[in-house]
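As structure tokens, the structure follows; a few thoughts come after it.
The values are calculated or read from the model by the stated rules, or taken from the named source; none is laboratory data. Bear in mind that the values here come from a model prediction, so they are computed numbers and not experimental data. Neighbour counts are summed over all protein chains in view; Cβ atoms, including those assigned to glycine, are modelled from backbone coordinates with ideal geometry. Surface accessibility is based on the protein's heavy atoms, side chains included, excluding ligands, DNA and RNA. Shrake-Rupley method; radii C 1.70, N 1.55, O 1.52, S 1.80 Å.
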Amino acid sequence: MDKDMEQAHSAQARTGVLLVNLGTPQAPTASAIRAYLRQFLSDQRVVELPRLLWLPILYGFILPFRPRKLVHAYAKVWGEDGSPLMAISRRQAKAVQKILGEDPAVELAMTYGEPSIDNALSKLESQGVGKVLILPLYPQYSGTTTAATMDALFAALGRRRWLPEIRTINSYHDEPSYIQALAKSVESHWLAAGRGDHLLMSFHSIPRKYLEKGDPYFCQCHKTARLLAERLQLQQRDWSISFQSRLGRQPWLQPYSDLVIPQLARTGQRKLDVICPGFSADCLETLEEVAIRYADDFTAAGGEALRYIPALNDQVDHINCIASLLSKHSTDWSTIPRLNAHELEARQDRVRKIMPALHSPELLAPPR
């Protein structure tokens, strides 16, 4: 029997989970960063400019020069276990699997780079998975992130003949367990380091025109921030929201973190606490941009210290949140009883007997 046919008829309709994050270069080198940026910035979900306008800019100005500029930044955050985003994401997947048990099977994928969504789906298939629940690890939905993940998912599915049942989780920006996990991380920071003068919630920015076209990201960021402030019982003067990591000259979501942070120092804030609730795992944008560069900007403007509160990463409360979210979205997903070894062999035997009939002269002869 053909290998693909045998695998398909060996499927047990087991449930699988696909955790997906953005992606990362394979190494802190110009060539690896260039390969990653080429895939990332070629996605029309990320950059919506017409291809005839954007691709000459990408290949003529960005890819030849920007990767070399980023080598130093990546080198600052790269660890013995590689990219922080990759290392943390692997720990997250392992921890979620431990909580959920053997079923469902949990695999990690990246929208850009490796492990790819296509390869992760193949791993789930090899484990007899017939139903897949996909969780993009972006608390707030955006076309640039969550929708890009779904595009990559369905492109990978488009190359398959026997498709699994699919469920997707679009966002969890107001999930109570997520807000609680954020609040506990802030409270733990305050317990260890003392409370700062102000709490800044910095989210990754996107072009403002995406909001104007209907992207819900801006509103979901504000709701997350409001719920977290309420959970921490903060007064309005005690916290604010900003947006970081903008690129290019077009207007992005404001206020900009790199402008807000020095201004807070100039207005008398001595100790500034910064949390990035839109990042499920620490990465270049949190560890280098916020914790290093923005911290320098804050002290240069007269502040005493910017204290970065780490992303939720693989903290217990965060893993429990993810596991709870996955369980909630799969509780009413009907299951098919698992076949025992005898039943599975009997099914494969029936397929083996049917297969020769596909090549019988009667089937191949044209109708009269």
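Numerical summary
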| read-out | value |
| --- | --- |
| Euclidean distance between Cα centres, the stretch 262-320 to the stretch 39-89, Å | 22 Å |
| Globularity ratio of the stretch 146-211, using Cα Rg and 2.2 N^0.38 Å | 1.75 |
| Taking N as its residue count, the alpha carbon Rg of the stretch 30-123 over 2.2 N^0.38 Å | 1.35 |
| Exposed-loop-free span, longest in the chain, where GluC sites (Glu not before Pro) count as exposed if DSSP calls them loop and at most 16 other C-beta atoms lie within 10 Å | 103-303 |
| Å² per residue, accessible surface of the chain at 1.4 Å | 50 Å² |
| Computed over the stretch 269-335, the ratio Rg/Rh where both radii use C-alpha atoms and Rh is Kirkwood | 1.23 |
| Surrounding net charge for Pro262, when Lys and Arg each add one and Asp and Glu each subtract one, Cβ distance under 14 Å | -1 |
| Paramagnetic label zone (point 7 Å from Cα along Cα-to-C-beta, Leu55; backbone N under 20 Å) in the stretch 15-43 | 34-43 |
| Flagged links, alpha-carbon separation over 26 Å, of Lys69/Lys223; Lys69/Lys271; Lys98/Lys123; Lys223/Lys328 | Lys69/Lys223; Lys69/Lys271 |
| Solvent-accessible area, 1.4 Å probe, carbon plus sulfur percent, for the chain | 55 percent |
| Cα-based helix-to-principal-axis angle, 316-330 vs the chain, degrees rounded to 10 | 40 degrees |
| Cα→Cβ-extended label distance, 7 Å offset, between Gln254 and Asp151, nm | 2.8 nm |
| Amide H within-cut-off set for Thr168, under 5 Å, with H built and near neighbours excluded | Ile134 |
| Overall dimensions of the chain as given by Cα atoms, namely Rg and Dmax in Å | 24.0, 92 |
